[in-house]
Structure formats: structure tokens, C-alpha cells
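**Q** My structure is below; once you've seen it, I'll send some questions.
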Amino acid sequence: MEQGETRIKIAIQKSGRLTSDSLDLLRACGLELDGQKQTLYTPCRNFPLDLLALRDDDIPQYVHDGVADLGIVGENTVLEKGLRVERVLDLGFGVCRLMICLPQHSEVRTLRDLDGRRLATTYPMITSRFLEAEGIGCEVVRLSGAVEIAPMLDIADAICDLVSTGTTARLNGLYPAFTVLTSQARLIANENVLSDPAKRQLFDRLMIRIQGSLEARGRRYLMMNAPCDAVDELRSIIPALKSPTVVPLAEEGMVAVHSVIAEDAFWDVMEKLKGVGASDIVVVPIEAIIR
Ligand code: PRP
Ligand code: ZN
């Protein structure tokens with residue numbers, strides 16, 4: 001690391017739902033991050049970037065204060081903290097819902113039935129706003145963790161917590177009943193980073209990589225051989241194949257057709273491609289698509 005070199009700091013969740021997807025995204029951008037799982041601070045070896053592993057709830061504050069320049073955190077956490085940070089990009093992973101969950105044998109049937117009852121949550125701001133908008137007078141019990149045991153301890157009649165697979169709720173005898181908010185992982189930035197020229201330059205370089213890698217997600221590179229006169233039919237089978245690369249082959253009347261295709265779409269149309277004469281179909285993963 002050179003003396004005085006500008007580096008960009010990015011905060012991710014230390015251990016939790018977003019950790020491995022956040023690391024996967026950064027690694028897919030070509031960043032070498034070899035720190036141990038428990039390390040709070042990992043300098044990247046091939047890009048002027050340092051990784052901070054923090055409690056997700058603390059990330060908005062650190063980014064707001066400029067301790068970290070960037071952060072990857074749930075939209076839910078950003079909204080709950082209500083701090084001014086730049087919303088850069090929604091990342092498409094860590095999709096979950098903030099939900100009001102009820103004990104299996106609760107008498108509560110409708111949202112309205114919650115009126116006059118107690119609801120425990122680590123998201124008091126979002127929850128209170130939601131209940132107020134719905135006109136429900138609930139006592140919001142603010143907890144800092146382990147909300148799912150609140151009904152068992154009789155400190156609440158319901159909880160409001162994140163539900164992803166629903167396992168945590170189920171294991172604690174609760175069922176998710178009403179959705180308050182849907183959420184996913186979001187890239188946030190400190191407001192000043194974007195106006196500091198040296199940091200901005202690093203930010204822009206990193207964004208090209210992140211966007212390139214997000215563009216590639218769920219897509220595959222498709223190559224196949226086909227008779228020349230099948231190209232129009234191939235195009236009608238795969239709408240995305242509007243302007244494929246078509247290269248003549250040494251064999252008379254045959255061409256190679258290349259294109260990017262959505263992974264799901266490929267398996268749906270594979271038989272049809274064969275049906276119109278495509279052969280030697282090869283599908284390969286894409287690392288990045290830079291527009
Ligand atoms: C959330 C929530 C539950 C879990 C739900 O935790 O508090 O514990 O995820 O997921 P499931 O429906 O798949 O079981 P989060 O990752 O936000 O961590 P934290 O609450 O410890 O910050
Ligand atoms: Zn959390």
C-alpha cells in the first residue's frame with residue numbers, strides 16, 4: 001500500500017443473511033479479499049479498497065458519518081435508521097419481507113385485531129409508521145434482538161421482524177401474517193464521497209465492475225452451429241437473439257450463431273433450437289457485461 005494513496009472503504013455485514021452474497025459480488029468484480037471470516041478489516045490486494053465487516057444495523061451510521069465510504073446493507077436497515085446516505089443501487093439479493101408475525105394460536109385474524117395489543121420489534125420506526133398509517137393503536141415494544149421469543153415471554157402479542165425463508169418464525173411457533181415492507185440488499189454511499197474527486201474516481205471504477213457483474217447475473221453466453229437458412233427461425237425462437245453474431249463456418253451452408261441469453265430462457269427453448277437444426281449448442285457462464 002503506497003503512502004497517502006486514496007482508498008475506498010466498503011462496509012458489509014459481518015455475519016448474517018447478506019454476508020456471503022456481498023462477498024460474492026465483490027469477488028465477482030475481480031477484488032481479491034482474503035481476510036478470515038472474523039476479520040473486521042480486510043485490505044483488497046488488487047484494488048485500492050478496504051473491506052469493513054460490521055453489524056448490519058451499524059452500517060448506515062458508519063456510512064453516514066464517513067467512517068465507511070460505501071456500504072452494502074438491507075433497504076430495511078437503511079429506512080429504519082433514517083440517516084441521510086446516498087442510495088446508489090439495489091443489488092437484487094437478500095430479498096426479504098418485514099412482517100408482522102403471530103403466535104400459532106393467536107386470536108388475531110386481521111390487522112385491525114392488533115389494535116390495543118403489544119408488538120415487539122427491532123424496527124420500531126418503520127413499524128410505528130406503518131401502524132399509524134393503518135390507523136392501528138398498538139404498543140410498540142422496542143427490542144434490540146431475539147424478538148421472536150417475545151410472545152413466549154409474554155412481553156408482546158405479536159412481533160414485526162424480517163422473514164426470508166420463514167424458518168426463524170416457524171421454529172419459534174410463529175407465522176408471518178402481514179407484510180409491512182419488502183426489502184433487498186442496497187449499495188449506499190456517504191454523500192461526500194461522490195463529490196471528492198479522488199474517491200469519486202475509485203467509486204466510478206468500482207461501479208463499472210459492479211454493474212458489469214450484475215448485468216451478467218442470470219445470463220449465459222450461447223453458441224451453436226446451424227444451417228444458414230435456419231437463422232431467422234432461431235431468431236423467432238429466442239427474442240433476445242435479435243442481433244446475434246453470425247459467423248460462416250468452413251462447412252458450406254453452415255454458420256455459428258452466438259448470443260447472450262437469460263439462463264432460464266435457455267432451458268425453455270433448447271429443444272426448439274435443435275428442432276430447427278441447431279447443433280453443437282454450448283452455453284457458458286459470463287463473468288461481466290460492460291456496456
Ligand atoms: C433476520 C431476522 C431473522 C432472520 C429471518 O435476521 O431477524 O432472524 O433474518 O430469516 P429466515 O426467515 O430465513 O429464518 P438478519 O439477517 O437481519 O440479522 P440480525 O437480525 O441479526 O441483524
Ligand atoms: Zn441486523
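**Q** Residue check, Ala156 against (1) in contact (Cβ under 8 Å) with a residue 12 or more places away in the chain; (2) on the phi > 0 side of the Ramachandran plot, all met but one. Which one?
**A** Tallying (1) in contact (Cβ under 8 Å) with a residue 12 or more places away in the chain; (2) on the phi > 0 side of the Ramachandran plot, Ala156 fails exactly one: (2).
**Q** Taking Gly71 as the residue in question, decide whether it is outside any strand (DSSP E or B) and buried (at least 18 other Cβ atoms within 10 Å of the Cβ).
**A** So Gly71 does not fit the description; no.
**Q** Additional query: Select from the stretch 193-236 the residues that are crowded, with 19+ Cβ neighbours inside 10 Å and free of Cβ contacts under 8 Å to residues at least 60 places away in the same chain and write down the one among them that is farthest from Ala11 (Cα to Cα).
**A** The qualifying residue farthest from Ala11 (Cα to Cα) is Ala230.
**Q** A further question follows. Hand me the list of helices (runs of 4 or more DSSP H) wholly inside the stretch 155-258 holding 1 or more residues that are in contact with a Gly (Cβ under 9 Å, 6 or more places away or on another chain) and of a type in the set (Lys, Arg). Quick ask: steps written out before the conclusion?
**A** Numbers: elements: 167-171, 197-216, 231-237.
Answer list for the stretch 155-258: 197-216.
**Q** Check the stretch 257-276 and report whether any residue there is modelled with pLDDT of 90 or more, out of contact with any Leu (no Cβ under 9 Å at 6 or more places or on another chain) and surrounded by 15 or more Cβ atoms within 10 Å (Cβ to Cβ).
**A** No, the stretch 257-276 has no match at all.
**Q** Of Arg97, Arg84, Arg17, which residue is within 12 Å of ligand 1 (Cβ to nearest atom) and in a loop (DSSP other than H, G, I, E, B)?
**A** Being within 12 Å of ligand 1 (Cβ to nearest atom) and in a loop (DSSP other than H, G, I, E, B) holds for just one of Arg97, Arg84, Arg17, which is Arg17.
**Q** Further question: If you check Ala189 against the conditions, is it outside the structural domain of Glu80 (by TED's automatic domain parsing) and of a type in the set (Gly, Ala, Ser)? Break it down stepwise before answering.
**A** Details: outside the structural domain of Glu80 (by TED's automatic domain parsing): no; of a type in the set (Gly, Ala, Ser): yes.
Against the criterion (outside the structural domain of Glu80 (by TED's automatic domain parsing) and of a type in the set (Gly, Ala, Ser)), Ala189 does not qualify.
**Q** Would you confirm whether or not the stretch 152-161 contains a residue that is assigned by TED's automatic domain parsing to the domain that holds His105, more than 9 Å from ligand 1 (Cβ to nearest atom), buried (at least 21 other Cβ atoms within 10 Å of the Cβ) and within 22 Å of the chain's Cα centre (by Cα)?
**A** yes
**Q** Could you say whether any residue in the stretch 124-139 is more than 16 Å from ligand 2 (Cβ to nearest atom), closer than 30 Å to Tyr62 by Cβ and of a type in the set (D, E, K, R)?
**A** Checking the stretch 124-139: at least one residue is more than 16 Å from ligand 2 (Cβ to nearest atom), closer than 30 Å to Tyr62 by Cβ and of a type in the set (D, E, K, R).
**Q** Another question about this same structure. Going through Asp24, Asp90, Asp115, Asp34 one at a time, which residue ends up being in contact (Cβ under 8 Å) with a residue 60 or more places away in the chain and more than 16 Å from ligand 2 (Cβ to nearest atom)?
**A** Exactly one of Asp24, Asp90, Asp115, Asp34 is in contact (Cβ under 8 Å) with a residue 60 or more places away in the chain and more than 16 Å from ligand 2 (Cβ to nearest atom), namely Asp90.
**Q** Something else: Can you confirm whether Leu187 is closer than 26 Å to Cys96 by Cα, away from ligand 2 (no atom under 16 Å from the Cβ) and in contact (Cβ under 8 Å) with a residue 24 or more places away in the chain?
**A** Against the criterion (closer than 26 Å to Cys96 by Cα, away from ligand 2 (no atom under 16 Å from the Cβ) and in contact (Cβ under 8 Å) with a residue 24 or more places away in the chain), Leu187 qualifies.
**Q** Return a yes/no flag: does the stretch 52-68 have any residue that is hydrophobic (A, V, I, L, M, F, W, C) and either within 13 Å of ligand 1 (Cβ to nearest atom) or over 27 Å from Ala198 (Cβ atoms) (or both).
**A** The initial filter retains those residues of the stretch 52-68 that are hydrophobic (A, V, I, L, M, F, W, C), namely 52-54, 59, 63, 67-68.
If we keep only those that are either within 13 Å of ligand 1 (Cβ to nearest atom) or over 27 Å from Ala198 (Cβ atoms) (or both) as well, we get 54, 59.
Looking through the stretch 52-68, at least one residue is hydrophobic (A, V, I, L, M, F, W, C) and either within 13 Å of ligand 1 (Cβ to nearest atom) or over 27 Å from Ala198 (Cβ atoms) (or both).
Per-residue answers, yes or no, for (1) of a type in the set (S, T, N, Q); (2) touching a residue at least 12 places away in the same chain (Cβ under 8 Å); (3) in the same structural domain as Gly173 (by TED's automatic domain parsing):
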position	(1), (2), (3)
Val85	no, yes, no
Ser106	yes, yes, yes
Leu119	no, yes, yes
Pro124	no, yes, yes
Thr127	yes, yes, yes
Gly135	no, no, yes
Cys138	no, yes, yes
Ile149	no, yes, yes
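**Q** Any idea which of Ala133, Ala189 is of a type in the set (A, V, I, L, M, F, W, C) and touching a Lys or Arg at 6+ places or on another chain (Cβ under 9 Å)?
**A** After ruling out the rest, the residue left standing is Ala189.
The values are calculated or read from the model by the stated rules, or taken from the named source; none is laboratory data. What you see is a predicted model, and the numbers here were worked out from it, not measured in a lab. A quick note on method: Cβ atoms are made from the backbone with ideal geometry, for glycine too, and the neighbour counts reach across all protein chains shown.
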